[in-house]
Amino acid sequence: MIINNVILDVLYENIGKYITSDVVCQRLNISRIAVWNRIKGLKKFGYNIESKRSVGYRLVEEGKNILIPYEIKRHLNTKTFGGYIEYYRLTSSTMDESKYLIEKGCQNGTIVISEEQTNGRGRGGKKWISPKGDNLYVSLIYMPENISYMNAINIMFAASIAIVEVLSDFGIENAKIKWPNDVTVNDKKIAGVLLETKSESGILSSAVIGFGINVNLESIPKEIDQAATSMKIETGENIDRTILLTNMIYYFENLISMIEEGKQSRILDIWKQYNNTLGRNVEIISDNESIKGLAKDIDDKGFLLVETKDGIKRVVTSDSLRFL
Ligand code: ATP
């Protein structure tokens with residue numbers, strides 16, 4: 001991969017122009033055949049590279065919708081996230097990989113990404129259906145210096161907000177957040193967010209923010225047991241996942257810096273602006289009970305306040321919600 005990065009550096013430095021294969025060979029200290037094999041590999045990733053015998057290679061244009069660490073880094077405009085990117089074609093779950101990386105010791109802001117997950121997770125043991133097919137399955141590792149555990153919910157809200165904002169960049173203006181963290185379009189789920197945290201003495205030591213976005217999925221898999229959609233279905237367009245991801249992380253980092261600066265109430269305000277839940281009749285289903293009533297508000301801890309026939313009930317985030 002590192003060899004590929006150097007080849008891409010050389011190609012990008014000369015974008016639009018031919019470079020001889022000798023130049024690439026010298027830069028990398030590898031044979032012509034080895035260069036040719038690497039170029040073939042890059043073409044498979046989707047790079048538009050022309051090759052002419054006895055002239056060399058030419059990167060015709062920037063790589064588009066090529067979701068590899070090199071391209072993600074090229075587009076990222078962040079301070080914390082993306083210093084290190086772990087990329088998988090297939091893994092069980094980016095959440096599991098992240099947990100393992102934290103245990104092993106990793107850099108704050110690490111991004112873990114996979115093209116496909118065999119055991120993608122949702123909240124409370126639910127599954128996130130993660131077929132190969134141009135979607136995003138990503139976990140961000142955040143290990144803040146001194147943030148109260150109480151902010152976990154704000155971090156989760158920040159991820160949903162960042163997704164709503166990035167969907168709007170791609171022409172989906174009516175994305176909304178279903179409490180606490182699903183992103184929907186016309187009540188169809190387009191993205192999910194999952195947060196797993198560790199804390200010590202009330203201070204957050206690590207947070208893994210996982211999210212899945214249905215991007216270029218052309219039809220909704222039967223295993224998804226609720227109304228769902230994708231960006232492709234909504235817009236009819238193929239979406240460049242690298243731009244989608246890097247914009248999303250940029251927005252997320254900006255929101256996280258509000259929390260770091262003690263302005264977390266802004267997150268709740270923005271969440272309220274983007275939600276589709278308040279003012280609607282809902283049913284909250286948890287293990288042992290079901291609550292029905294009007295979703296009135298969220299409190300300063302992000303708990304949902306539901307007006308029931310027995311008065312206001314405060315609902316924690318681990319429950320599941322459906323509209324009545
Ligand atoms: P909900 O309240 O919608 O059941 P949740 O917030 O409790 O969801 P999540 O972790 O967000 O749980 O998502 C898991 C649920 O999302 C699954 O039970 C399934 O109904 C739905 N789902 C799974 N995969 C996808 C997908 N790729 N796109 C949209 N929805 C999905």
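(1) within 16 Å of the ligand (Cβ to nearest atom); (2) of a type outside the set (Ser, Thr, Tyr); (3) more than 19 Å from ARG123 (Cβ to Cβ): which one isn't true of VAL193, the others all being true?
(3)
For the range 10-39, give me each residue that is at pLDDT 95 or above, under 34 Å from the mean Cα position of the chain (by Cα) and surrounded by fewer than 14 Cβ atoms within 10 Å (Cβ to Cβ).
If the condition is that a residue be at pLDDT 95 or above, under 34 Å from the mean Cα position of the chain (by Cα) and surrounded by fewer than 14 Cβ atoms within 10 Å (Cβ to Cβ), then TYR12, GLU13, ILE15, GLY16 are the ones that fit.
Just to be sure, is LYS99 outside the structural domain of ILE141 (by TED's automatic domain parsing), of a type in the set (D, E, K, R), touching a residue at least 24 places away in the same chain (Cβ under 8 Å) and over 22 Å from ASN238 (Cβ atoms)? Show your work before the answer.
Values: outside the structural domain of ILE141 (by TED's automatic domain parsing): no; of a type in the set (D, E, K, R): yes; touching a residue at least 24 places away in the same chain (Cβ under 8 Å): yes; over 22 Å from ASN238 (Cβ atoms): yes.
For LYS99, the condition - outside the structural domain of ILE141 (by TED's automatic domain parsing), of a type in the set (D, E, K, R), touching a residue at least 24 places away in the same chain (Cβ under 8 Å) and over 22 Å from ASN238 (Cβ atoms) - is not met.
Of the residues ILE155, ILE141, ILE172, ILE163, which single one is within 15 Å of the ligand (Cβ to nearest atom), buried (at least 16 other Cβ atoms within 10 Å of the Cβ) and under 15 Å from the mean Cα position of the chain (by Cα)? Don't jump to the end; show me each part of the working.
Details: ILE155 fails: within 15 Å of the ligand (Cβ to nearest atom); ILE141 fails: within 15 Å of the ligand (Cβ to nearest atom); ILE172 fails: under 15 Å from the mean Cα position of the chain (by Cα).
Of the residues listed, the single one that is within 15 Å of the ligand (Cβ to nearest atom), buried (at least 16 other Cβ atoms within 10 Å of the Cβ) and under 15 Å from the mean Cα position of the chain (by Cα) is ILE163.
Select from the range 185-238 the residues that are in a strand (DSSP E or B) and more than 19 Å from the chain's Cα centre (by Cα) and list them in ascending order.
From the range 185-238, those in a strand (DSSP E or B) are 185, 188-200, 203-213, 228; that's our starting set.
Passing the criteria: LYS198, SER199, GLU200, ILE203, LEU204, SER205.
Select from the range 199-219 the residues that are free of Cβ contacts under 8 Å to residues at least 40 places away in the same chain and farther than 30 Å from TYR47 by Cα and write down the one among them that is farthest from the ligand (Cβ to nearest atom). Outline the logic, then answer.
Keep residues of the range 199-219 that are free of Cβ contacts under 8 Å to residues at least 40 places away in the same chain, which gives 200-201, 219.
Okay, now just the ones that are also farther than 30 Å from TYR47 by Cα, so 200-201.
Values: GLU200: 26, SER201: 29 Å.
So, considering only residues that are free of Cβ contacts under 8 Å to residues at least 40 places away in the same chain and farther than 30 Å from TYR47 by Cα, the one farthest from the ligand (Cβ to nearest atom) is SER201.
If you go through the range 220-232 one residue at a time, do you hit one that is within 16 Å of the ligand (Cβ to nearest atom) and closer than 20 Å to GLU261 by Cβ? Lay out the reasoning, then the answer.
So in the range 220-232, the residues within 16 Å of the ligand (Cβ to nearest atom) come out as 220-232.
Narrowing the set further to residues that are closer than 20 Å to GLU261 by Cβ leaves none.
No, there is no match, as no residue in the range 220-232 is within 16 Å of the ligand (Cβ to nearest atom) and closer than 20 Å to GLU261 by Cβ.
Which residues, counting only those in the range 99-129, are over 15 Å from PRO69 (Cβ atoms) and away from the ligand (no atom under 16 Å from the Cβ)?
Residues of the range 99-129 over 15 Å from PRO69 (Cβ atoms): 99-100, 102-105, 108, 116-129.
Scanning the range 99-129 gives LYS99, TYR100, ILE102, GLU103, LYS104, GLY105, ASN108.
Of these, LEU304, LEU255, LEU245, LEU268, which one is outside the structural domain of ILE141 (by TED's automatic domain parsing) and not hydroxyl-bearing (Ser, Thr, Tyr)? Steps first, answer last, please.
Details: LEU255 fails: outside the structural domain of ILE141 (by TED's automatic domain parsing); LEU245 fails: outside the structural domain of ILE141 (by TED's automatic domain parsing); LEU268 fails: outside the structural domain of ILE141 (by TED's automatic domain parsing).
Every option except LEU304 fails the conditions.
The values are calculated or read from the model by the stated rules, or taken from the named source; none is laboratory data. On a predicted model such as this, the values are computed, not experimentally measured, just so you know. Cβ atoms come from the backbone with ideal geometry, glycine included; neighbour counts cover every protein chain shown.
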